[in-house]
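First the structure, in the form of structure tokens, and then the observations on it.
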Amino acid sequence: MRTAVLLFVVGLCVLNVTLSLKICAFNVQSFGESKANNKKVMGILQKILSRCDLCLIQEVRDSKGEAIRTLVKDLNRFDKSNSYSYVESERLGRKTYKEQYVYIYRNNVLKVKEQYQYPKLETKGTNETDVFSREPFIIRFHSPTTLVKDFVLIGQHTCPKTAMKEMDELYTVFREITKKWKTDNVMILGDLNADCSYVTIKGWRAVRLRSDPKFRWLIGDEQDTTVREKTQCAYDRIIVHGREIISSIVPGSAQPFNFKESFHLTEEEALEVSDHFPVEVDLKPNHRYLLRHEL
């Protein structure tokens, strides 16, 4: 009897580890045609992305859109046990420099309910200024396999020079989207340039996402999300709001993924992929759903 109980408990622990939903955010640093044609880099990216059920890719620089198509196609070949799709934003930027946000997700476990490109502020004839260099791209997902069934991701890559202003303005974005979609289960994620020379102690006090205790910053200031050994900065963050999604976080799961160390790469090899590590967090599985569907 004791053996049966022990096996049951161990089984539940394994389920929690293997069937949780991993959400990632990765600044792939100028991802375009050059990296898409580099087999070694693409092979490493496939290994990184296949760890994630859902990943926000930032700094997509390919105007033709072929690099992401190639990446997702290769990912589906690499991980045949899952099926991957993607949703991409407009090409964003104030001048000629443009980037896109792309959410790559497993369509066998997640469904896109809604998507919203935050609008560029029209400043003509007003005293207002457009805060964002690249407006947030926002997706609402349905996730039947996790305790939290529906949640919203607000993806953002800030401009380093205006990082603090952009982080503060994300509070306004949050307020608008919770009113629009009637949910407060929200995750804000991406390269926020939220550390080192881009932030100040005085400036933090004015950032509403930081001062409001209802927001949980899952990647702490002490973390290092940079590849270079000479830097130690928590640029990339994951911030959550909402009782349901906060209670669904797997304790201790929020962290950078050091692919340099995990894949035994030199710093030079890792920098060919990106100068950032991905950040990630796991959501707890819904065992009742999984048992009913014999997963």
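The values are calculated or read from the model by the stated rules, or taken from the named source; none is laboratory data. In this text, all values refer to a predicted model and were calculated from it rather than measured experimentally. Counting neighbours? That spans all protein chains shown, and the Cβs are built from the backbone with ideal geometry, glycine included.
Structure notes:
- Entry remark, the range 89-125: residues being surrounded by 18 or more Cβ atoms within 10 Å (Cβ to Cβ) and under 22 Å from PRO278 (Cα atoms) number 12 in total.
- Filter result for the condition that a residue is surrounded by 12 or more Cβ atoms within 10 Å (Cβ to Cβ), modelled with pLDDT under 95, of a type outside the set (Lys, Arg) and within 22 Å of the chain's Cα centre (by Cα), over LEU19, LEU54, LEU75, LEU71: LEU19
- Residue within the range 132-154 that is under 30 Å from ILE201 (Cβ atoms) and loosely packed, with under 15 Cβ neighbours inside 10 Å present: no
- Residue within the range 217-228 that is under 30 Å from PRO144 (Cα atoms), in a strand (DSSP E or B), modelled with pLDDT of 95 or more and of a type in the set (Val, Ile, Thr) present: no
- Pair list, Cβ under 6 Å, 6 or more apart: the range 205-234 residue surrounded by 15 or more Cβ atoms within 10 Å (Cβ to Cβ), other residue modelled with pLDDT under 95 and part of a loop (DSSP other than H, G, I, E, B): none
- Scanning the range 224-250 for residues that are out of contact with any strand residue (DSSP E or B) (no Cβ under 9 Å at 6 or more places or on another chain) and over 25 Å from TYR171 (Cα atoms) yields ARG228, GLU229, LYS230, THR231.
- One residue stands out among those in the range 85-142 that are closer than 29 Å to LYS161 by Cβ and among the small types (Gly, Ala, Ser): the one that is modelled with the lowest pLDDT, which is GLY125.
- Strands (runs of 3 or more DSSP E) lying entirely in the range 30-125 (those with 1 or more residues that are in contact with a Phe, Trp or Tyr (Cβ under 7 Å, 6 or more places away or on another chain) and among the hydroxyl-bearing types (Ser, Thr, Tyr)): 84-88, 100-106
- When each of ASP150, ASP191 is tested for being in contact with a strand residue (DSSP E or B) (Cβ under 8 Å, 6 or more places away or on another chain), in contact (Cβ under 8 Å) with a residue 12 or more places away in the chain and within 19 Å of LYS111 (Cα to Cα), the lone residue that passes is ASP150.
- Selection status of VAL281, touching a helix residue (DSSP H, G or I) at 6+ places or on another chain (Cβ under 6 Å), at pLDDT 95 or above and outside any helix (DSSP H, G or I): no
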